[in-house]
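Got a structure for you, questions after.
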Amino acid sequence: MNRILSAIRNVFRRNRVERDLDSEVRSFTSLLEEEKMSRGINPGEARRLARLDISGPEQLKEEIRSARAGSWLEGLWRDVIFGARVLRKNPGFTAIAILTLALGIGANSAIFSILQAQLWRPLPFPGSERLVDVSSVRRVNQNSREARSDRVFRAWQQQSRSFSCLTVWGYPAWRNLTAGGTSERIRVMRAASNFFDTLQVPLQRGRAFSPQEELSGQGQVAILTDALWRNRFASDPQILGKSIVLDGQPYTIVGISSANLRFEVISEPAAFVPLTIDSSVDFLRGTDTLGRLAPGVTEQQAGAELTPILQRELKADGDTRDDVVRVTKLREEYTGFSTGSLYFYAGAVALVLLIACVNTAGLTLARGLARRREFALRGALGATRPTLIRQLLVESLLLSLAGGAAGILTGSWLSRALGLMFNEDSLPRSARASLDPRVVLFIFGVSVLSAVAIGLAPALFASRADLNEVLRQGARGASSSRNQRTARSALVVAEVALGLVLLFGAGIFLGSFERQREAPRGFDAPNTLTFRVSLRGDRYAQPAQSQRYFETLADQLRALPGVHEVTIGNGLPLTGTTDFYSTVNISGRPPLDENGVFVIIHPVAPNYFDALHMRLVEGRGFDSHDVQGSVRVAIINRNAVKEIFGDEDPLGKVLEPVAQPKRGIPPEPPLQIVGVVENANEFGANEVPFSNVYLPFAQRPVTANYVAITSNLPAGSLLDSARAAAYALDKDQPIYDVQTMDDREALSVQGAKNDVFLIGSLALVGLALVSVGVFGTIAYFVQQRTQEFGIRLALGAQPATILRHSLGQSLGIG
């Protein structure tokens, strides 16, 4: 401790320490003089001999300084002061270097802050790293989740010792909320009674669900989120005990969740209702199992304990599946899908930082070689080579730290810009990037590494200066050694190569974007307004009631001025709607696969294909004869023909849907194929083609449908009229997912567009840095040859010859 205090005193009270040192050296020299004079030596000679004995007062002071506590810190502090003075005297070089590094470090801090917020930051629950997702998967393919019954879940709860709490929940689904005479769509999460105990986030008002409310028909209660309570019900303190209507069913409000409850990895719900656990059905479809690991238990241990329990229950049910239990940290389960793209962006941004470092290293090398005379003189006066290297590294560190400080501001702005550019489908969490301690530590680490990267090579070359060689070359230093020319060339080549890597990547993304933008969509519906209606309540319990609502709505919309065509369908192109799906086989033939060919089913109106300009390849479309009681027919797309029939003509063939009760797929009657339609994108141009089966809406009425309106009116004015028509039919059925088909097309390529913009921007920044760096480095070294060029001109060389020679060398390097 005394040594540490002494070191601090030597650094920060340097003037007083130096005065004490000067006094001690003078006293010691005086004692030596007196001792020599006592032997009869005259005063002048005694003073000379005393100075010789101590090798000079200044040399003795340096030896004492190097031996006392904190000498390295003192030397470092002197280097910092000297380096700051040198940089201040060269404002142009300093500003360019700091701005270059600020851009590279800022871009890296921005992408790191996004990685931190999306992948590494704990979820906003107490002890969130103990929260795990529990799923039943196939042993041979652990990416394929399998259904499991209530018996399995109850067995896990009762027999497992790996969890302090185990619960089940359903992904938030859209439902119609009716309250106060108005209706709207909100997300509602189904949750078991111990859900909030598992999260360890208590309610702020009221109570959680009871186990009895998990039973079928007993759970007509709801818990509102703090946001819904404040925004929709004005923070009504008497809200508990009142009723709301969800999908036509009354629910009594029993609680308000905490204002701090946020999930981030899923769509935030507005309300919670009890999840009905019925031992007679498999309920994995749309639900997940959530557990909180007991202290000291790992995910692997928990999975090893639950797997035998699962297999015993499957065997008891007569199920021969060879399933195992996969236990994954909740954060990793919901963020893993985006790690590849985020790390790719991080790599691209790292290239920009590397270019910035190489750029600055080239400028620093040029500037360091210009100071070779200074370093040679300092070496002649006693400075060691490590001292000179340390001085240059300190100057590089000052530049990097200044660039890091500016990079914090740049990174903060860039992280917000990137957060706006990425949509919710490309980022796994709804968490904002922020300047937390990890990000600051990252910026500091990057700054230090940048300092080493930009300062080490220039320091090694510049500190190797020899005074005699420098004096022979003259103050201008007209020539450089072979190693210096090699270093110069290597830096320029590295800059150009890194810049070309970014440009090549940008070109690939641009080509991909252009292919997606120009790819056929399978439909053509400009100026088409679309929205969705999901009918809820007892009024639409029968299929005929849903059919009557949508047919009436379509007729009323067609009567609006300026409307050309109105159609309905369970799904539209680019909506990604897969409410109904099945597997099918060809009637009268062996099964095509273990469970048949997977298809997406879309009930649509007869004019669906005409309204969306989807080309009918062969056969016929639907007509007024395709109704209940007539032969059930279907139209399939090209991809379904390829997957099911290959080169065979599908017209007239019959498809048999395969029932899968455990997956919620009920039995369906056979379907006769009457037509083939062109493939239409379900999600976007880069999707794997899906096999679609279209059914007449009159033969398969469903409660949730899209409405598409083709018109020459502005979308805003048409929407008001369409909303009024829908609410006139039933005010409790809100319309939602309102977009034009043009908007949906733009959104389908938005991800590719963002990739092009991001990588293209990085490539342009890298190209600009490369251009500035190459120009500065080559210009400096060309300027160093001014004396050589003058001599060559005096000996008769033509200016054009010298220009061609310089350009040739520069192009050869680049």
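The values are calculated or read from the model by the stated rules, or taken from the named source; none is laboratory data. What you see is a predicted model, and the numbers here were worked out from it, not measured in a lab. Note: ideal-geometry Cβ built from the backbone for every residue, glycine included; neighbour counts use all protein chains shown. Each accessible area value is taken on the protein alone, full model and side chains, heavy atoms only, with ligands, DNA and RNA left out. Shrake-Rupley method; radii C 1.70, N 1.55, O 1.52, S 1.80 Å.
Can you tally the net charge around Ala724? Count Lys and Arg as +1, Asp and Glu as -1, for every other residue whose Cβ sits under 13 Å from the Cβ of Ala724.
0
Oh, and also: Kyte-Doolittle cut-off 1.0, length cut-off 20 Å along the helix's own axis using Cα: show which whole DSSP H helices in the chain pass.
91-115, 339-370, 437-462, 750-783
Enumerate by residue number the chymotrypsin sites (Phe, Trp or Tyr not before Pro) in the range 91-147 meeting two conditions: DSSP loop (anything except H, G, I, E, B), and at most 12 other Cβ atoms within 10 Å of the site's Cβ.
The qualifying sites: there are none.
Something else: So what does log10 I(q)/I(0) come out to for the chain at q = 0.08, 0.11 Å⁻¹, using the Debye formula with one equal point on every Cα and no solvent?
-0.91, -1.31
Count of lysine pairs in the chain with Cα atoms under 25 Å apart, counting only pairs 8 or more residues apart in sequence or on different chains?
4
Return the carbon/sulfur percentage of the accessible area of the range 215-344, one whole number, probe 1.4 Å, all protein chains in place.
50 percent
Here's something else I'd like to know. Return the loop-located GluC sites (Glu not before Pro) in the range 493-599 (DSSP other than H, G, I, E, B) with at most 12 other Cβ atoms within 10 Å of their own Cβ; answer none if there are none.
Glu594
Something else about it: Could you list which residues have their amide H under 5 Å from that of Val633, counting only those 5 or more apart in sequence or on another chain, with H placed in the peptide plane?
Excluding prolines and chain starts, which carry no amide H, the hits are Gln672.
Provide the per residue accessible area, probe 1.4 Å, for the chain, rounded to a whole number of square angstrom.
On a per-residue basis, 47 Å².
So, by mean Cβ neighbours within 10 angstrom, what's the order for 530-540, 613-623 with the highest one leading?
530-540, 613-623
Same structure, new question: Could you pull out every residue, at least 5 positions away or on a different chain, whose amide H is within less than 5 Å of the one on Asp317? Hs are placed 1.01 Å off N in the peptide plane, and Pro or chain starts have none.
Residues meeting the criterion, in which the H sits 1.01 Å from N, do not exist here.
May I pose another question? What size of dipole, in debye to the nearest 20, comes out for the chain about its Cα centre when the only charges are +1 on Lys and Arg C-beta atoms and -1 on Asp and Glu C-beta atoms?
The dipole magnitude comes to about 4260 debye.
Considering only DSSP states other than H, G, I, E and B, which GluC sites (Glu not before Pro) in the range 626-679 qualify as loop sites with at most 14 other Cβ atoms within 10 Å?
Of the GluC sites (Glu not before Pro), the ones in loops of the range 626-679 whose Cβ has at most 14 other Cβ atoms within 10 Å are Glu648.
Could you work out the helix-only [θ] at 222 nm for the chain, with each DSSP H run of four or more residues adding -39,500 (n - 2.57) and the total divided by the number of residues, to the nearest 500 deg cm²/dmol?
That calculation yields -16500 deg cm²/dmol at 222 nm.
Once phi is turned into θ = phi - 60°, what whole-Hz ³J(HN,Hα) does the Karplus curve with 6.51, -1.76 and 1.60 give for every residue of the range 236-245, x standing for Gly and Pro?
So the J values, rounded to whole Hz, are 4, x, 9, 5, 4, x, 7, 10, 10, 10.
Roughly what % of DSSP beta bridges within the chain run antiparallel, to the nearest 5?
80 percent
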